[in-house]
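In what follows, a structure is listed as structure tokens, so that the remarks can point back to it.
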Amino acid sequence: MRRNSQLIFGGIIIAIGLIILISHLLNVSAWAICLPTALILVGAWILLRPKIMPDSPGFKLRIFGNVRKYGDWFVAGEETWMFIGDVRLDFSEAEIPIGETPFRVIAFIGDIRLQIPENVGYSLSSIGVVNTVRLSGVKRDTFFVPFEYQSPGYEEKERKIALDTICFIGDIRVQEVATVIPNQADE
């Protein structure tokens, strides 16, 4: 799935470059062709989306908005598409199933924050034009370069979160938090 995202993103960047190059060679305005074409494609996508994307509880489409989950919640795979928005997922008190749970965020401008217990493995795959990634305080800026990371011992962990992001401009922060151990004196 990550490879498909890279192919799509790379194809879009190549297509934009080719359109600009051809417009300069033929002395034609690229915007006069691209803007109406983009509007037609977005309109067609809105009309045909139910046939392209399955309607499932794990799929969210937002033009502007936030996705926030915290406290005691059951973790299930999700895919969120947005133009501009924030995603805040706090897994510190969540019920995380055994195995790998995928999360995908596709946004033009995305601000993504995760809080993950230290006993849960996580992987991050991020594609974007400009991305800032912070993993437990370490910052990495990328420009047109995919970023991939797996937490130490990811494969051996019983519970895993896999985050896949595609953002034109993205700010991603992953913070590991201490695992909450129930007070055994109360038992």
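Restricting to region 120-140, and then to whatever is in contact with a strand residue (DSSP E or B) (Cβ under 6 Å, 6 or more places away or on another chain) and farther than 22 Å from Met82 by Cα, can you tell me which residue is surrounded by the most Cβ atoms within 10 Å (Cβ to Cβ)? Outline the logic, then answer.
Our first condition is that a residue be in contact with a strand residue (DSSP E or B) (Cβ under 6 Å, 6 or more places away or on another chain); within region 120-140, this holds for 120-136, 140.
Retained after the next criterion (residues that are farther than 22 Å from Met82 by Cα): 120-122, 135-136, 140.
Working: Val120: 22, Gly121: 20, Tyr122: 24, Leu135: 18, Ser136: 12, Arg140: 14.
Here the residue is Tyr122.
For region 106-158, enumerate the residues that are in contact with a Phe, Trp or Tyr (Cβ under 8 Å, 6 or more places away or on another chain) and among the charged types (D, E, K, R).
Here is the first cut: in region 106-158, the residues in contact with a Phe, Trp or Tyr (Cβ under 8 Å, 6 or more places away or on another chain) are 106-109, 114-117, 120-131, 133, 135, 140, 150-151, 154.
Selection gives Arg140 alone.
Of all residues in region 73-119, which are of a type in the set (D, E, K, R) and touching a strand residue (DSSP E or B) at 6+ places or on another chain (Cβ under 7 Å)? Walk me through how you get there before you give the answer.
In the first step, residues of region 73-119 are kept if they are of a type in the set (D, E, K, R); the result is 78-79, 86, 88, 90, 93, 95, 100, 104, 111, 113, 118.
Matches in region 73-119: Glu78, Glu79, Asp86, Arg88, Asp90, Glu95, Glu100, Arg104, Asp111, Arg113, Glu118.
Go through (1) surrounded by 15 or more Cβ atoms within 10 Å (Cβ to Cβ); (2) at pLDDT below 90; (3) in a loop (DSSP other than H, G, I, E, B) one by one and return the number of the condition Ser56 breaks.
(1)
I need the full set of residues from region 148-166 which are within 15 Å of the chain's Cα centre (by Cα), modelled with pLDDT of 90 or more and of a type outside the set (S, T, N, Q), in order please.
Correct list: Glu148, Tyr149, Ile161, Ala162, Leu163, Asp164.
Please find, among Ile112, Ile106, Ile96, the residue that is at pLDDT below 90 and either within 20 Å of Gly170 (Cβ to Cβ) or of a type in the set (A, V, I, L, M, F, W, C) (or both).
So the residue among Ile112, Ile106, Ile96 that is at pLDDT below 90 and either within 20 Å of Gly170 (Cβ to Cβ) or of a type in the set (A, V, I, L, M, F, W, C) (or both) is Ile106.
The values are calculated or read from the model by the stated rules, or taken from the named source; none is laboratory data. Remember, it's a predicted structure, so these values are computed and weren't measured experimentally. Glycine also receives a Cβ, built like all others from the backbone with ideal geometry; neighbour counts cover every protein chain displayed.
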